[in-house]
1. Using only the alpha-carbon atoms of the stretch 55-134 as identical scatterers, what base-10 log of I(q)/I(0) does the Debye formula give at q = 0.11, 0.15, 0.26 Å⁻¹?
2. Given only helices, namely DSSP H runs of n ≥ 4 each adding -39500 (n - 2.57), what is the per-residue ellipticity at 222 nm of the chain, to the nearest 500 deg cm²/dmol?
3. From the square roots a ≥ b ≥ c of the eigenvalues of the alpha-carbon gyration tensor of the chain, which class results: rounded (a/c under 1.5), prolate (a/b over b/c), or oblate?
4. Taking the simple approach of a point 7 Å from Cα along Cα-to-Cβ for both residue 135 and residue 151, what is their distance in nm?
5. Would you mind giving the average projected area, over all directions, of the Cα convex hull of the stretch 1-52 in nm² with one decimal?
6. Given 0.36 nm per residue, what is the gain on full extension from residue 188 to residue 33 after removing their alpha carbon distance, in nm?
7. Taking the convex hull of the alpha carbon atoms in the stretch 43-87, what volume per residue do you get, in Å³?
8. Between residue 95 and residue 116, what is the FRET efficiency for a Förster distance of 35 Å, r being their Cβ-Cβ separation, to the nearest 0.05?
């Protein structure tokens, strides 16, 4: 780690992750290199390696940040409401995922590779953020659906989180995928992240 204040280090790491996020808006995971990210923040590759050893660690930091934002939004649902029906809770939680396109995209397409090519300390930081999201969902379920047993809450959480990994490819199929589905006669109904998540959660919470 380079010498300097903790604040400076965090600012530089944020610049790197911001650049990665911007590049990811128009390029695929495998099309983005450390060199590309360095050019976007006017840093050399050796300088970036002071903060992240691999491209995957940068993406893991981006994913961690996405989970932190999502957790904050979930906890805001709890803070702003005294009561919610199961239907209202399903809709509110679904809305929290709509801005988290990168969270869903990375999780669906590259999570295994990213985790496998990141140092354990970085992975632990990410898993801590992931755990916070699990706990935030549990807090909402306990507050708004107090009759649910602990066992049922666990069943809901561990059905919902794996489901999330399939949202992005279903909401954003590629042109090639659409053409193939059309060729074999598979019907496709366009959905938003919110709609798809809401319908799944509503069934879980009934």
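Where a number appears in this text, it was derived from the coordinates with a stated rule and is not lab data. Small disclaimer: the values here were computed from a predicted structure and weren't measured. Cβ: placed from backbone, ideal geometry, glycine included. Neighbour counts: every protein chain shown.
1. Those come out to -0.33, -0.56, -1.21, one per q.
2. -23000 deg cm²/dmol, from helical runs alone.
3. Taking the square roots of the gyration eigenvalues as a ≥ b ≥ c, the chain is oblate.
4. 2.6 nm
5. Seen from a random direction, the Cα hull of the stretch 1-52 projects 3.3 nm² on average.
6. 52.4 nm
7. Value for the stretch 43-87: 89 Å³ per residue.
8. 0.60
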